[in-house]
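Following: one structure in C-alpha cells, then a few remarks.
The values are calculated or read from the model by the stated rules, or taken from the named source; none is laboratory data. Since we're looking at a predicted model, the values are computed, not measured. Positions of Cβ are generated from backbone atoms using ideal geometry, with glycine treated the same way; all protein chains shown enter the neighbour counts. Note: accessible area is taken over every heavy atom of the protein model, side chains too, but ligands, DNA and RNA are not part of it. Shrake-Rupley method; radii C 1.70, N 1.55, O 1.52, S 1.80 Å.
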Amino acid sequence: MTLFRWNMATFFINNPQLIWPLILLAAWTFAEVGTYLVKIPKITFYTLFGFIFAKHQIGPLPTLDHSGIVALVNIIAGLILFDFGYRINLRWIWSNKIILITSIVESGVTFVVVFVISRLFDVSTLVSLEFAALFMATSPFVIINVINQQQSAGQVTERILHLTALNCISAIFIFKLILGYAVFEKSGSFGQATMASIVMLISSAALGIGFALFLFGALKQIKLLTSDRAVVLSLIIILLVGITKAFGLSPIIASLIFGLTIRHMKVVMGQNQRNFGALENILIIVLFIIIPVNLDWHNLSLFIGLGIALFLGRLIIKTTVVALFSYCNGVSINKGILTGLALSPISIFSILLLDQSVPSGMGLNYGLLMITGVTLLLELIGPCITQYALIMAKENTPT
C-alpha cells in the first residue's frame, strides 16, 4: 500500500495539471456506479470518495490553499443557495405561521440539548455554545440536491425546504452572536456583540435585496432573453459573494435572500435555469469532495463518541419536535416524523459557517473543526435519511 501511494503521489506531482480533472471524473463515475448499485444519494458517494482518497488516507488528492478553498466554496455555496432561496415562498410561510413557530422551538430545543451533551463530555462552555449554534442548522446543500435528484414535491418537501431556510438563518445569527460575545467578552460589551450580529444579518439581507432589484431592473430594461438569465445570475452571484466576503458580511444570507427576492419579483426561471442545469451538478461534486479532502483526519477517533452523541441527540430532538407540531401544521404525525428525519444533514453547512470565525478574530478552534469532521463522516447516512423520508412520504418521482 505504501509503494502504491508513493507511485501515485510521484505521478501526480510530476503531472499536477491532471489531478483535479481526473478526480472529478473519478468521483462522478464512483457516484454513478454506487447509486446504480445501492440506490442512495450521489452526494454520499462524493463525500466518501473525498474522505477515502484524501492526502492523509490512501489517495493522491492534494490539500488546497485555505484562501483558495474559501473563495471557491463560497462561490459554489452562493450559486446553490440562490437556487434554494428561489424555492422559498414567504406567502406560504405567512399563511402557515406554525412553520415559523416550529422552527423556533425545534432550533431552541436543539441548541439546549447539544449544549448539555457537549458539557457532559467536558467540552468548554464557549465551544459547547458554538456546537449548539452550528447544530441548530440543516444543510441546504444536501436538502436541495436530494430533492432535485428525487424530483420530489408535496407537503413534506415544502416543510423541509422552509424549515431548513429558517433554521439556517437562526443558526447564523446565534453563531455570530456567540463569536461576537467571545470577542467582546473582556470588555463585557455583550450589547455591542448583539448589535454587531443584527447589523451583519440586516446588511447581508439588504445587499441580497439590492442585487435582486438591480437584476430586475436590468432584465426589464435590456430585455434579456430567457436563455441568457442563468449566465447573468451566475456572474451576479459571484460578485455578490465577493462583496460580502470583502465587507465581513454573510454570503450565505445574501445569496439566500437574493434568490428569495428574485422569486417574489416574479422573475421567471425555467426548470433548467433554476438549478443551473449541469453546472450545479459539477458544483455539487466539487463542494462535497473539497471539504473532506481538506480536513485532517488523524485524530478523528478522539472525537467519535461526542460526534455520535451530538448527531443522535440532534436527530431525535428535531424529529420529535417537528412531529409534535405536525398536527397544527395540518399534516399527519407520520409526515411530521418524516419531515423531522429529513432535517438530519448538517456538516457541509456547519464547516462553511465555521469559516466566519476567522474574520471575527477567533481563529478555527481545532476541537470544533474535528467534531464537525466527525459529523461529516456520520453524515454519510444523512442524505440517505432525507431520501428515505421523501420516498416514504411518496413525494419522489420514481426513475
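Given bins 5 angstrom wide, list per bin the percent of all Cα-Cα distances in region 71-126, short to long.
Calculated over all Cα pairs of region 71-126, the distribution is 4, 15, 11, 12, 14, 17, 17, 8, 2 percent.
Test of understanding: what is the full-extension gain from Met195 to Thr397, defined as 0.36 nm times their sequence separation minus their Cα-Cα distance?
68.2 nm
Just list whichever of Lys42/Lys318; Lys97/Lys394; Lys42/Lys394; Lys176/Lys245; Lys42/Lys97 have alpha carbons separated by over 22 Å in the model shown. Spell out each step's value before the answer.
Values: Lys42/Lys318 24 Å; Lys97/Lys394 25 Å; Lys42/Lys394 20 Å; Lys176/Lys245 15 Å; Lys42/Lys97 34 Å.
Checking Cα-Cα distances, Lys42/Lys318; Lys97/Lys394; Lys42/Lys97 exceed 22 Å.
Can you pull the one-decimal nm distance between simple spin-label points at Lys39 and Val109, each 7 Å off the Cα toward Cβ?
Between Lys39 and Val109, the simple spin-label model gives 3.2 nm.
How much of Glu32 can a 1.4 Å solvent probe reach, expressed as accessible area in Å² and rounded to 10?
It works out to around 60 Å².
Kindly report, to the nearest 10 Å², the accessible surface of Val199 as traced by a 1.4 Å probe over protein heavy atoms only.
70
Sticking with the crude label model, points 7 Å out along Cα→Cβ, report the distance from Ile101 to Val232 in nm, one decimal please.
Distance between the two pseudo-spin positions: 4.2 nm.
Could you give each residue of region 35-48 its phi-based ³J(HN,Hα) in whole Hz, using Karplus coefficients 6.51, -1.76, 1.60 with θ = phi - 60°, and x for Gly or Pro?
Values, residue by residue: 5, 5, 7, 10, 6, 10, x, 5, 5, 4, 6, 4, 5, 4 Hz.
Please give the contour-minus-distance gain from Leu72 to Leu126: 0.36 nm per residue of separation, less the Cα-Cα distance, rounded to one decimal in nm. Display every interim value, and only then the final one.
Numbers: separation 54, 0.36 × 54 = 19.44 nm, distance 2.92 nm.
Gain on stretching Leu72 to Leu126: 16.5 nm.
Can you work out the Karplus-derived ³J(HN,Hα) for every residue in region 308-320? Use 6.51 cos²θ - 1.76 cosθ + 1.60 with θ = phi - 60°, whole Hz, and x for glycine or proline.
Those phi angles translate into 5, 4, 5, 4, 5, x, 5, 4, 5, 5, 4, 5, 5 Hz.
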